[in-house]
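Here's the structure, in structure tokens; my notes come after.
The values are calculated or read from the model by the stated rules, or taken from the named source; none is laboratory data. Model, not experiment: these values are computed from the prediction. Neighbour counts are summed over all protein chains in view; Cβ atoms, including those assigned to glycine, are modelled from backbone coordinates with ideal geometry. Each accessible area value is taken on the protein alone, full model and side chains, heavy atoms only, with ligands, DNA and RNA left out. Shrake-Rupley method; radii C 1.70, N 1.55, O 1.52, S 1.80 Å.
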Amino acid sequence: MAETGGVTEGPKGPARPLPASEAPFDAIGLSRMLLRTIRSGALATIDAEGMPFASLVTIATDADGTPLMLLSRLSAHTRNLLADPRCSLLFSQGGKGDPLAHPRLTVNGRATQTSEPRVRERFLARHPKAKLYADFPDFGFFALAPEAGHLNGGFAKAATLTPSELLLDLTGREAIVAGESGAIEHMNSDHADAIALYAAGAGEPEAPWRLSGLDPEGMDLMAGDRTARVLYPEPVSDMGGLRKSLVSMAARARTSENG
């Protein structure tokens, strides 16, 4: 039996993806990056006849990475979810050339409606134009609780993921979630120069970058329709640790820029 890029090959039966913990590439990191940066994807639900139904939806994430959607009750996929919450979401990076050469992640789980204020805030930060209709009576926010993930990182690079590998554990990090809104407002208002440095340090082109999300593992950036994910050197658990990390990241980026 051999392993090729996260795929187990054997003399009998088809090749199968390895668990993410055993894959010879960073399957967890790549999966979480796709979760945090893809703004739209294919939602597959089950209709009243038991047939699969795929549609296009916009996506954001909660602080732990839980996929979030804003859906209209007039849509077939919403009616399907209200009757049967089982579904899957496809996060596809896309790009030039063969579309199958680019990473994509499928997340299976159950989507249920939520009125959590943080969900609304994080979704609209990622999709500000949705403020035009988010409060219409037929719209509602849904959160998909992952039960499994399947990553295809490109040719011969595949892995399966558990919910704990897809999502961040927020235990002991509640202060970051509570302080996120204020920190984002402060950074966007007073430290646009530092945000630009974070984006440049992550290899992103020059653009009017703004923060749309902060969590214990990293920050989400936006510039128009572009998105970027920037990780801290180490995960943080409180606002003091977050401030120190952001200051040190900006200092290193300035040093690199001037060097």
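Remarks
- Value of relative contact order over the stretch 188-257, rounded to a whole percent, pairs C-alpha under 8 Å and six or more apart: 25 percent
- Pairs of Cα atoms farther than 18 Å apart, the stretch 12-152, %: 57 percent
- Here the relative contact order of the chain, from alpha carbon pairs under 8 Å that lie six or more residues apart, stands at 17 percent.
- Measuring between their Cα centroids, the stretch 84-102 and the stretch 113-187 lie 17 Å from each other.
- Computed over the alpha-carbon atoms, the chain gives an Rg to Rh ratio of 0.98, Rh here being the Kirkwood radius from the mean inverse distance.
- The stretch 83-198: Rg to Rh, with Rh as the Kirkwood radius over Cα pairs: 1.01
- Among the GluC sites (Glu not before Pro) found in the stretch 155-259, those both in a DSSP coil and sparsely packed, with 14 or fewer other Cβ atoms within 10 Å of their Cβ, are Glu206.
- Peptides 232-242, 24-34 ranked from most to least packed give 24-34, 232-242, packing being the mean of other C-beta atoms within 10 angstrom over each peptide's residues.
- At q = 0.12, 0.13 Å⁻¹ the log10 of I(q)/I(0) for the stretch 10-70 amounts to -0.50, -0.57, computed by Debye summation with a single uniform scatterer per C-alpha, solvent ignored.
- With 10 Å bins from 0: P(r) over the stretch 133-203, alpha-carbon pairs, percent: 14, 20, 35, 29, 2
- Near-label residues of the stretch 19-55 by backbone N, under 20 Å of a point 7 Å along Cα→Cβ of Leu132: 39-41
- In the stretch 114-210, the chymotrypsin sites (Phe, Trp or Tyr not before Pro) that fall in loop regions by DSSP, at most 12 other Cβ within 10 Å: Tyr133, Phe155
- Förster radius 35 Å - calculated FRET efficiency between Ser115 and Glu257, Cβ distance, rounded to 0.05: 0.20
- With all pairs of different C-alpha atoms in the average, the Kirkwood value for the hydrodynamic radius of the stretch 165-249 is 13.0 Å.
- For Ser212, the residues whose modelled amide H falls within less than 5 Å of its own, excluding neighbours fewer than 5 places apart on the same chain, are Asp220, Leu221, Met222.
- Here the accessible area is traced with a 1.4 Å probe on the protein chains. For the chain, carbon and sulfur cover 56 percent of it.
- Rounded if a/c under 1.5, otherwise prolate or oblate - the stretch 40-119, Cα gyration tensor axes: oblate
- Kyte-Doolittle at least 0.0, axis length at least 20 Å by Cα - qualifying DSSP helices, the chain: none
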